[in-house]
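Asks: One structure, as structure tokens, below. Some questions next.
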Amino acid sequence: MAVDFSNAVKTDEGVQVNGVVMNPIVEKCEGCERIKEFEGGKYCGSYPQPETKWRLGNCNFATHTKATAKGKAKVNPLKASKRAAKGR
Ligand code: SF4
């Protein structure tokens, strides 16, 4: 469900859309296509509290995380430490 920023208003509590306070995006959101700019701030077009989307891992709405995973070889820390232990 996309947030319609044409209804956004600036209040003392922050930017609100239809009465819902929109928190600014977090660092990990950078690069996501769902970011919307409003009054100089950046907000998520899909989720009012971006920070909570990242608290338990990757945001499941993010458009940019799969792309970055593709480019880099992912290191599984558990496997890497097992490999290191075998080599000893
Ligand atoms: S969809 Fe997720 S990653 Fe993208 S801006 Fe919103 S909270 Fe951030």
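Asks: Checking GLY14 against (1) open to solvent by less than 30 Å² (accessible area, probe 1.4 Å); (2) under 18 Å from the mean Cα position of the chain (by Cα): exactly one of these is not met. Which one?
Replies: If we test GLY14 against (1) open to solvent by less than 30 Å² (accessible area, probe 1.4 Å); (2) under 18 Å from the mean Cα position of the chain (by Cα), just (2) comes out false.
Asks: Which of the residues belonging to segment 29-44 are in contact (Cβ under 8 Å) with a residue 12 or more places away in the chain and in contact with a Cys (Cβ under 9 Å, 6 or more places away or on another chain)?
Replies: Matches in segment 29-44: CYS29, CYS32, ARG34, LYS36, LYS42, CYS44.
The values are calculated or read from the model by the stated rules, or taken from the named source; none is laboratory data. Since we're looking at a predicted model, the values are computed, not measured. Reconstructed Cβ throughout: ideal geometry from the backbone, glycine too, with neighbour counts over all protein chains shown. Accessible surface is based on the protein model in full, side chains and every heavy atom, while ligands, DNA and RNA are left aside. Shrake-Rupley method; radii C 1.70, N 1.55, O 1.52, S 1.80 Å.
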